[in-house]
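Reviewing the structure listed below.
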Amino acid sequence: MGLISKLLTALSIKKDNNNLPNIVHQNNSVGDFHILNNIREDILPLLYFKNGKWQNINSTSNEPSAIDLTLTISTMKPDPTGYFPSYEGLTPAQRYYFLNWLSSLNKVDDLGYPFLLLYCLERHIYENDRVTNAVSIIKQLQNTFDNDSFNYYSSVAVVWAAKKYNNVEYLSGLNLYRLPFTISVFLNLFFQKKLKADFIISNASKIGWTNKRYIRKYPELFKKELITYLKQNYGQTYFPVPSNIDKNNIHFSSLLLSNYSIPEDNRLVPVPDLLETKEVGYALLAALMKTHEKVKSYLKTHQSKYKKEKESTIKVFNSRTGYPMAKASSIERSKRELKEFGSDDYPKSELLRIASESANENGANMAIQRYSLAVLENRPLKGEIAYKTGDWDTAEEILLPCITINSESAKRLSIIYRRQKRFKDEVDMLQTAIISWQSSAFNVYKGTFIELEERLSKAKNFYQKHKEEDESIGFELQALPYDKQFLHQLINIRNSHMEKSK
């Protein structure tokens, strides 16, 4: 078999004299050739193209998923894509991998590719174009990629489509147990018309019930008593839709779409937060509290069983710090994630090229995001491992400098401070994180701070109620070092692109 035949076989390309394939070794232009013909028939009409015979979007659009056929591709092994990918911000090898992946949508380790397609599908929903097809593909992707981040954003997109076009059928087949909790409660009640006992128990802490001792030790007994309570109070083995919710007192939570090029007013999806109502939130909390009391009463008359199971419970602590450790499987999972994630080793020259060659500011924003990953050097993951191994002081030392570049680190620090009874430190740290991240040059997409602000509000209330127990020691925030001159270069390139587009 000749070289060309071998390459054709490896790439699953049909020989066609009228459409000769362009065999790519290093950096060749995509053009309108075979690699696009291999894309799934139901996916191709959903893609956005900036040029070529399929052009369906303005060449200056900042849509991150838009394919520019003039950009080069390569068959070399791609590096990880990193956060907030865009087609034009990908390397030639990553572009080639993405276009090939569109032929199957199979499961891959790099979530940048499904997110890139999700951006595309969200824009179709936004523009009321092929919405049913877009929703169908999103649900296919969600069934393939069981990842918390992708579950969140893909679920928000489907719920947004159902709400935007008043089509409850879009929700059919959606795994309600993998949704963000606010969405899940809303959909369970108004789509399935109930909250099952298993759902209530598995989300007890999100409902507000923190004393989960009996849930952990006696899950079957707790479930039995909860079902008994539901039967006595609602006549059902589940929590039904309340008939008397005061609609005027329902608060809404704003959930975020993943496509950062969609205008922010449209990117935020308001969903009723029924947990803030007495008819749902307080009622569920009361059910858990009464069930807890019933289990406690039962165990008092079964002392021998209680003592036996209590003695068998073993909690592991860090021998040096005295802080509790996570399960070994959880620690190993984080270590594997750190090993698999690797590091963002894009050279500065490559980031400058991406920023400069972009048709708009999107490439520069992407370069800034990738540079932020290089500055972080996987610190959020390293801090998470330190936390799980009970080395909380080290976790604080690692994570605290990250909050001006990665606001997610503030959430873990909030948990650490609360468990250390450093209530005022938690408040001060969250305030610092919000202010710092708002003004950070790395916050290129000016994301919202709703989750941190909600956490801050709860931290303030908790601090006021527990001032006498506070053991705060303060903290000193030291920013991570980075090349400010290089960052300003990227910002100047971005500003230049923005001026040209005016």
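A few notes on this one:
- Among residues of segment 202-235 being under 16 Å from Leu285 (Cα atoms) and aromatic (Phe, Trp, Tyr), the one that is surrounded by the fewest Cβ atoms within 10 Å (Cβ to Cβ) is Tyr234.
- Hits in segment 89-112 (condition: more than 22 Å from Ala355 (Cβ to Cβ) and open to solvent by less than 20 Å² (accessible area, probe 1.4 Å)): Leu99, Trp101, Leu102, Leu105, Val108
- Residue match in segment 174-194 (condition: at pLDDT 85 or above and touching a Ser or Thr at 6+ places or on another chain (Cβ under 8 Å)): no
- Boolean, Ser243 is polar (S, T, N, Q) and at pLDDT below 85: yes
- In the condition set (1) among the small types (Gly, Ala, Ser); (2) within 16 Å of Arg130 (Cβ to Cβ); (3) over 26 Å from the mean Cα position of the chain (by Cα), Ser74 is compliant with all but (2).
- Qualifying positions in segment 177-196 - hydrophobic (A, V, I, L, M, F, W, C) and open to solvent by 70 Å² or more (accessible area, probe 1.4 Å): Phe190, Phe191
- Of the criteria (1) of a type in the set (Val, Ile, Thr); (2) open to solvent by 30 Å² or more (accessible area, probe 1.4 Å); (3) touching a residue at least 60 places away in the same chain (Cβ under 8 Å); (4) closer than 27 Å to Gln464 by Cα, which one Ile403 fails: (2)
- Scanning segment 227-279 for residues being part of a strand (DSSP E or B) and of a type in the set (Asp, Glu) gives a total of 1.
- Residue in segment 31-42 that is in contact (Cβ under 8 Å) with a residue 60 or more places away in the chain, crowded, with 16+ Cβ neighbours inside 10 Å and assigned to a loop (DSSP other than H, G, I, E, B) present: yes
- All positions within segment 451-466 that are touching a Lys or Arg at 6+ places or on another chain (Cβ under 9 Å) and among the aliphatic types (A, V, I, L, M): Leu452, Ala459
Here is a yes/no grid of residues against (1) part of a helix (DSSP H, G or I); (2) out of contact with any strand residue (DSSP E or B) (no Cβ under 7 Å at 6 or more places or on another chain); (3) at pLDDT below 85; (4) open to solvent by less than 10 Å² (accessible area, probe 1.4 Å):
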position	(1), (2), (3), (4)
Glu332	yes, yes, no, no
Ser356	yes, yes, no, no
Asn360	no, yes, yes, yes
Met366	yes, yes, yes, yes
Arg370	yes, yes, yes, yes
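- Restricting Asn128, Asn133 to those that are in contact with a helix residue (DSSP H, G or I) (Cβ under 7 Å, 6 or more places away or on another chain), open to solvent by 30 Å² or more (accessible area, probe 1.4 Å) and polar (S, T, N, Q) reduces the list to Asn133.
- Candidates Phe186, Phe222, filtered to the one that is touching a residue at least 24 places away in the same chain (Cβ under 8 Å) and over 18 Å from Leu275 (Cβ atoms): Phe222
- Hey, Lys139 open to solvent by 10 Å² or more (accessible area, probe 1.4 Å), in contact with a Leu (Cβ under 7 Å, 6 or more places away or on another chain) and either under 22 Å from Pro45 (Cα atoms) or in a helix (DSSP H, G or I) (or both) or not: yes
- Flag if Phe199 is surrounded by 17 or more Cβ atoms within 10 Å (Cβ to Cβ), assigned to a helix (DSSP H, G or I) and in contact with a Pro (Cβ under 9 Å, 6 or more places away or on another chain): no
- Residue match in segment 166-182 (condition: without any contact (Cβ under 8 Å) to a residue 24 or more places away in the chain and within 16 Å of Leu285 (Cβ to Cβ)): no
- When residues of segment 265-299 are limited to those that are in contact with a strand residue (DSSP E or B) (Cβ under 9 Å, 6 or more places away or on another chain) and of a type in the set (D, E, K, R), the one surrounded by the most Cβ atoms within 10 Å (Cβ to Cβ): Arg267
The values are calculated or read from the model by the stated rules, or taken from the named source; none is laboratory data. Everything numeric in this text was worked out from a predicted model, so none of it was measured. Because the Cβ atoms are built from the backbone with ideal geometry, glycine has one as well, and the counts that use them run over all protein chains shown. Just so you know, the surface numbers come from the protein's heavy atoms only, side chains and all, with ligands and any DNA or RNA stripped out. Shrake-Rupley method; radii C 1.70, N 1.55, O 1.52, S 1.80 Å.
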